[in-house]
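Just so you know, all these numbers are worked out from the coordinates, no wet-lab data involved. Note that the structure is a prediction, hence the values are computed from the model and not measured. Positions of Cβ are backbone-derived with ideal geometry, glycine not excepted, and every protein chain shown enters the neighbour counts.
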Amino acid sequence: MTDPVLPHIADPSLAAGGRRRADWASRQMPVLEKVRERFAQEKPFDGRAISACLHVTAETVVLMRTLKAGGADLVLVASNPLSTQDDVAASMVAHDGVTVQALRGEDTTTYYKHIRAALDRGPVITLDDGADLVSTLHKEYEDSLNDVRCSMEETTTGVIRLRAMDADGALKIPVVAVNDAMTKHLFDNRYGTGQSTVDGVIRATDILMAGSISVVAGYGWCGRGVANRLRGQGSRVIITEVDHVKALEAAMDGFEVMPMLDAARAGDLFVTLTGDTSVIRREHFEVMKDGALVANSGHFDVEVDLKIVEEMAESVEENVRNHVDAYIMPDGRRINVLAKGRLINLAAAEGHPASVMDMSFSVQALCCEWALKQDGLEVRVHSVPKEIDDWVARLKLETMNIGIDTLSEEQENYLKSWQMGT
Ligand SMILES: NC(=O)c1ccc[n+]([C@@H]2O[C@H](COP(=O)([O-])OP(=O)(O)OC[C@H]3O[C@@H](n4cnc5c(N)ncnc54)[C@H](O)[C@@H]3O)[C@@H](O)[C@H]2O)c1
């Protein structure tokens with residue numbers, strides 16, 4: 001017997017607006033629509049409880065509709081206190097039969113109360129973005145661990161945490177690293193985070209990118225995307241890295257590469273996308289220019305050391321614009337921190353465009369179905385089955401009206417052989 005879970009949302013009267021935005025998103029998610037049509041016929045979840053801890057955005061509605069069409073009994077909670085779109089949350093409760101517990105700006109206590117509610121529902125499958133749900137399951141719901149058949153993980157930071165749990169022998173359920181699918185991180189992390197992070201910075205600050213100097217910390221999938229989009233807007237981009245190969249790649253892609261201490265003196269705008277902690281800290285704030293803008297688009301709000309900047313500042317002017325707090329240093333310099341160091345693309349903009357979430361969420365939905373079909377899935381971090389990646393890529397190309405060539409028999413044989421040379 002599981003506890004009933006009631007919705008907890010900011011304002012039910014916002015539902016109509018949320019529905020319009022979700023419908024708009026769904027028209028740009030044709031691959032997921034195909035999955036939804038099949039699920040509606042085959043009902044792979046058939047009354048099973050699925051609990052999701054994801055960013056509550058218009059695209060997530062389309063994923064929820066897909067799982068619902070497959071017969072799932074759904075609870076959705078936020079994976080970040082600042083990323084919830086309240087109109088979308090209201091719309092899911094009013095129109096889609098999803099129990100949502102998420103409020104934009106919820107405090108940490110409420111955030112975890114919602115996560116516990118999602119676990120109280122007794123899910124057989126969980127979906128996570130950052131591993132807070134799975135980590136709470138392991139810490140506080142030991143008795144329920146056997147009921148969870150599998151969990152899906154959406155983001156790099158979550159996969160890193162789950163691999164750390166696995167290495168420690170602490171992981172007790174099978175998980176699928178959705179983030180590591182090619183049709184996820186190659187596009188979502190690079191182009192989705194790339195575009196929406198720049199969008200978030202512009203919406204929050206209205207600065208002119210052309211001629212500005214931007215510093216991007218981390219040249220992974222997200223960092224590459226953001227750096228290239230900033231360059232496209234005419235910004236001169238500096239990369240900071242800790243990995244020699246990535247730093248070399250950035251240099252050969254034509255970016256300036258230097259340590260953060262040097263970059264801190266030069267930058268007008270800073271964006272962290274490392275999944276690491278304290279990337280921008282005291283010695284960097286000490287040398288930043290007056291008016292510097294500091295944002296994070298990595299998963300957790302630990303990349304910019306906010307405690308230190310608070311300690312260093314003589315005073316703080318909150319909300320000088322929406323999503324901008326100005327920290328006034330004793331020497332009069334103003335350092336502007338965006339979105340309280342939380343994901344700028346979700347806090348100040350709308351997160352990833354629907355067209356890219358079409359692929360990530362198709363992978364999510366198909367992996368939920370795949371996991372339920374497996375008998376005794378081994379307890380470890382699983383990769384997304386290659387057939388799912390291939391299917392999503394093929395369908396996405398088709399919906400974009402892009403055709404490609406097919407290997408002839410002769411070419412297939414040639415590519416498998418070693419005998420033929422010059
Ligand atoms: N904003 C979003 O919507 C969004 C979307 C996807 C992923 N993410 C998050 O963004 C972060 C990065 O994800 P990714 O897929 O690019 O990861 P990634 O592993 O591909 O890249 C991270 C890069 O940061 C570098 N790095 C680590 N510590 C550093 C430091 N101190 N200074 C400079 N560079 C450092 C690493 O060497 C690596 O190249 C993660 O937290 C991920 O969860 C955010």
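The table below gives the values:
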quantity	calculated
Dipole magnitude of segment 196-274, debye to nearest 20 (Cβ charges: Lys/Arg +1, Asp/Glu -1, about Cα centre)	140
The chain: antiparallel DSSP beta bridges as a percent of all, rounded to 5	15
Ranked list, fewest to most other Cβ atoms within 10 Å of each Cβ, for 373, 43	373, 43
Sorted largest first, extent of segment 78-136 alpha carbons per principal axis (Å)	29, 25, 17
In sequence order, calculated HN-Hα J values of segment 78-87 (Karplus, 6.51, -1.76, 1.60; Hz; x Gly/Pro)	6, 9, 7, x, 9, 9, 5, 9, 4, 5
Modelled FRET efficiency - R0 41 Å, residue 248 with residue 107, Cβ distances, 0.05 increments	0.45
Per-peptide average of other Cβ atoms within 10 Å, ordering 271-281, 321-331 highest first	271-281, 321-331
The chain - Debye-derived log10 I(q)/I(0), Cα point model, q = 0.07, 0.13 Å⁻¹	-0.35, -1.14
Nearest-20 debye value, the chain charge dipole, Cβ charges on Lys, Arg, Asp, Glu	600
Gain in span if fully extended, residue 182 to residue 401, counting 0.36 nm per residue against the direct Cα distance	76.8 nm
Value of D in µm² per second that Stokes-Einstein yields for segment 165-255, Kirkwood Rh from Cα pairs, at 37 °C (0.692 mPa s)	225
Positive-pole candidate from 402, 280, 242, dipole of the chain, charges at beta carbon	402
Taking only Cα atoms of segment 224-326, radius of gyration then Dmax in Å	14.0, 42
Mean Cβ count within 10 Å, highest first, over the residues of peptides 21-34, 124-137	124-137, 21-34
Which of 178, 211, 159, positive extreme of dipole for segment 114-223 (C-beta unit charges)	211
Mean Cβ neighbour count within 10 Å, used as a protection proxy, ranking 49-58, 177-186, 286-295, 254-263 highest first	49-58, 177-186, 286-295, 254-263
Net dipole in debye of segment 191-347 [+1 Lys, Arg Cβ; -1 Asp, Glu Cβ; about Cα centre; nearest 20]	420
Pair-distance profile P(r), taking every C-alpha pair of segment 1-118, with 10 angstrom steps and integer %	15, 47, 32, 6, 0
Prolate/oblate/rounded label for segment 225-269 (Cα gyration tensor, a/c 1.5)	oblate
Local net charge near residue 64, Cβ-Cβ under 11 Å (Lys/Arg +1, Asp/Glu -1)	+1
Leading residue at positive end of dipole, the chain (Cβ point charges), from 352, 124, 144	352
Segment 258-391: Cα Rg divided by the 2.2 N^0.38 Å rule of thumb	1.42
Sorted largest first, extent of segment 334-422 alpha carbons per principal axis (Å)	67, 41, 28
